[in-house]
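Worksheet for the structure shown next.
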Amino acid sequence: MENIDNKEIQLTEEALRIHRAAIVVDGHNDLPYKIRIKGPSALETLDLMKNQPEYQTDIPRLLKGGVGAQFWIAVGWMGKQGNGRSGSSYCIEEIELIHKMTEKYSSVLELAYSADDIIRIRRQGKIASLIGIEGGKAIENTLGVLDAYYRLGVRYMTLTLSDTIDWVDSATDIARHGGLTKFGEEVVLEMNRIGMLVDISHISAEAMRDVLRVSQSPIIASHSSAFALAASTRNVPDDILQSISKNGGIVMVNFFPGFLTQEGAEIFNHFWEYLHYLQSDRSLSDNEINKLEDKWVEEHPIPKCAIGDVVNHIEHIVKVAGIDHVGLGSDFDGIPSGPDHLEDVSCFPNITQVLLNRGYKEENINKILGGNFMRVFQSVEGKAKK
Ligand SMILES: [Zn+2]
């Protein structure tokens, strides 16, 4: 069936008005990692106030996209090699980079530590900047380190990345624990206690079920789509969507074509094996691995898809979990490319337009764009025991 949403997006006055009035929250942007791997002076020499075609993100495009709150990601650990360093050192370095980035562009960006901060910063016309950690390896099996990350401003942690770690199985690695270990359960409860959002993106379906069984607070999937539409283990199956609905949490839809269509998922499912193979080669540096990853992606093109596919995932989650349980988690600068009409951070208004074209009312569009995330964040804060 031809999808008219994929042809051309005409932004109407109404869509722009709704978009500008909403607090648009994006759950996942990997720009800090891209800057960090360029070396210690990369942030100084980069001018994010100008268009940066090399990236999917810069300040002019964030402003055009009407982004109200952006989670910037500090990667906890990139695979099995350490280059003589621990997982936490990479993560802390990227957290520091996010702090420096918001200081450097303080006329536009401001760090937010709470839902109230997001509302206040948005009122000032700035972009609320939040920190998420991707990869629980960064806590080095220590709850005290998790608490320290909270103090550094971290407000969510993705429990693992592409690897199974000591206490949780990854969706894209061999399962060693059948989900979460006892310590993994303690991590989730400690995150509940301090008010850090638990992110189930990247973990195995069994681990997702364990988290939903244990967590006392609503959870998020910061950048995952629906398994029923694209059978990637990175996506969320329907039974878990139903549990998330009961838990009060949200799934923030990922824009990567390899997670959006069945054909895309089938091709990209082979990527993880290759990635683990690269990561097991201790002679390769992060940069070399990145280059080889890019080469693989070039040699295994994923069929083109478009914004309508992203909205199909939103609609599926609405159908299975309900309108209160979906949001946006682009994964920009962590994905090789976005769908047509969602190529970079300037494109968020197109989502509002397609939702409007499909008959969604302003109240419900607001929920998808950011309202649902704000509710979850406030609930997690409210349940924290300070
Ligand atoms: Zn990710």
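The values are calculated or read from the model by the stated rules, or taken from the named source; none is laboratory data. Being a predicted model, the structure only gives us computed values, none of them experimental. For neighbour counting, all protein chains shown are included, and Cβ atoms are generated from backbone atoms with ideal geometry for every residue, glycine included. To get the accessible areas, we keep the full protein, side chains included, count just its heavy atoms, and leave off ligands, DNA and RNA. Shrake-Rupley method; radii C 1.70, N 1.55, O 1.52, S 1.80 Å.
Grab the DSSP H runs of the chain that are 4 residues or longer, score each as -39,500 (n - 2.57), total them, divide by all residues and round the 222 nm result to the nearest 500 deg cm²/dmol.
Taken over the chain, the calculation gives -12500 deg cm²/dmol.
According to the Kirkwood expression over distinct Cα-Cα pairs, how big is the hydrodynamic radius of region 52-190, in Å?
When all Cα pairs of region 52-190 are included, the Kirkwood radius is 16.2 Å.
Which whole-Hz ³J(HN,Hα) couplings does region 17-31 yield from phi under the Karplus relation 6.51 cos²θ - 1.76 cosθ + 1.60, θ = phi - 60°, glycine and proline marked x?
4, 4, 5, 5, 7, 7, 8, 7, 10, 10, x, 6, 9, 9, 3
Ignoring ligands, DNA and RNA, what percent of the 1.4 Å accessible area of the chain is carbon and sulfur?
Taking all protein chains in place, the chain shows 52 percent carbon and sulfur surface.
Under a 5 Å amide H to amide H cut-off, with H placed in plane at 1.01 Å, what residues pair with Met196 once short-range neighbours are removed?
For Met196, whose amide H was placed from the backbone, there are no distant partners under 5 Å.
Most fluctuating residue of Leu241, Leu46, Leu97 in a GNM of the chain with Cα springs under 10 Å: which is it?
In the Gaussian network model the winner is Leu46.
Name the long-range amide H neighbours of Val24: under 5 Å, sequence gap of 5 or more, or other chain; modelled H, no Pro or chain starts.
Hits under the 5 Å cutoff: Gly68, Ala69.
Highest GNM mean-square fluctuation, the chain, Cα pairs closer than 10 Å: which of Arg85, Arg213, Arg155?
Arg85
Name the aspartates and glutamates eligible as straight-distance cross-link partners of Lys361: C-alpha to C-alpha under 18 Å, and not fewer than 8 places from it in the same chain.
Correct list for Lys361: Asp5, Glu13, Glu14, Glu315, Asp324.
Once you've got the GNM for the chain with C-alpha springs shorter than 10 Å, pick whichever of Asp166, Asp309, Asp281 has the biggest mean-square fluctuation.
Asp281
Straight-line reach from Lys104: which lysines have Cα under 21 Å away, leaving out those fewer than 8 places along the same chain?
Within reach: Lys34, Lys38, Lys50, Lys64, Lys126.
Short version: ³J(HN,Hα) in whole Hz for each residue of region 329-344, in order, from phi by Karplus 6.51 cos²θ - 1.76 cosθ + 1.60 (θ = phi - 60°), x for Gly and Pro, what are they?
Each residue of region 329-344 in turn: x, 3, 6, 4, 6, x, 10, x, 7, x, x, 4, 6, 9, 7, 7 Hz.
I'd like to check one number: the per residue accessible area of the chain, probe 1.4 Å, reported in Å² as a whole number.
In whole numbers, the chain has 39 Å² accessible per residue.
If the chain between Asp166 and Lys38 were fully stretched, how many nm would it gain, using 0.36 nm times the residue separation less the Cα-Cα distance?
Details: separation 128, 0.36 × 128 = 46.08 nm, distance 2.96 nm.
Here the segment from Asp166 to Lys38 would lengthen by 43.1 nm.
Could you give the size of the charge dipole of region 95-158 about its Cα centre, using +1 on the Cβ of each K and R and -1 on the Cβ of each D and E, expressed in debye and rounded to the nearest 20?
Values: 9 positive and 8 negative charges, 56 e Å.
Rounded to the nearest 20 debye, it is 260 debye.
Over the Cα atoms, compute the radius of gyration (one decimal) and Dmax (the largest Cα-Cα distance, rounded to a whole number) for region 111-260, in Å.
My reading of the Cα-based Rg and Dmax gives 15.1, 48 Å.
What number in nm² do you get for region 199-318 if you take the convex hull of its Cα atoms and divide its surface by four?
Taking a quarter of the hull surface, the average projection is 8.1 nm².
So what's the chain giving for Cα Rg divided by 2.2 N^0.38 Å, two decimals? Please list the in-between numbers first.
Working: Rg = 19.1 Å, N = 386, 2.2 N^0.38 = 21.2 Å.
Cα-based Rg divided by the globular estimate yields 0.90.
Could you tell me the center-to-center distance, by alpha carbons, between region 106-149 and region 325-365 in angstrom?
Value for the Cα centre distance between the two parts: 22 Å.
Which far-off residues, 5 or more places away or on another chain, put their amide H under 5 Å from the one on Leu109, with H placed in the peptide plane?
Residues meeting the amide H criterion: Ile127.
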